[in-house]
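The values are calculated or read from the model by the stated rules, or taken from the named source; none is laboratory data. Remember, predicted model here, so these are calculated numbers, not experimental data. All Cβ positions, even for glycine, are placed from backbone atoms using ideal geometry, and neighbour counts span all protein chains on display. Calculation scope for accessible area: heavy atoms of the full protein, side chains included, ligands and nucleic acids excluded. Shrake-Rupley method; radii C 1.70, N 1.55, O 1.52, S 1.80 Å.
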Amino acid sequence: AIVTVVSKDGLEVLAVTSEKLVAVQVSDSSTPTFEGSLRHVSKVGSDQKGRLSVWFESGQRPLVIDPDAYDLASLHEFFETLYLSVISAGGSPNMSGSSEPPPEGGGASPE
């Protein structure tokens, strides 16, 4: 892996390899719970709850990351490396940092 980041509780690991973005739930097994090709990353952004997401052109489900579960400096390094790795793998350097559209009915709903 080019970069790995471990959640504060040690139960989740995120990794960027030369070709993939991988997430592993350590408590389940060492089998990846998420794998996505860097060439197909289309957008990195956040949702209305502050979770970070990585979307893919291929229609694959996005990887959703709770930033509170990770050390912010490590997460920052992870996303910098992700961006450079996407470009290196032949993906789009124009990944938008904007949020996903609001839910139907418009605007954020109170929780």
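Things to note:
- For residue 51, solvent-accessible area (1.4 Å; no DNA, RNA or ligand), Å²: 90
- Using the Cβ-Cβ distance between residue 92 and residue 25 with R0 set to 25 Å, the FRET efficiency from 1/(1 + (r/R0)^6) comes to roughly 0.30.
- Extension reserve of the residue 33-residue 8 stretch, reckoned as 0.36 nm per residue once the Cα distance is removed: 7.2 nm
- Site pair residue 61 and residue 47 shows an inter-label distance of 1.1 nm when each label is modelled 7 Å from Cα along Cα→Cβ.
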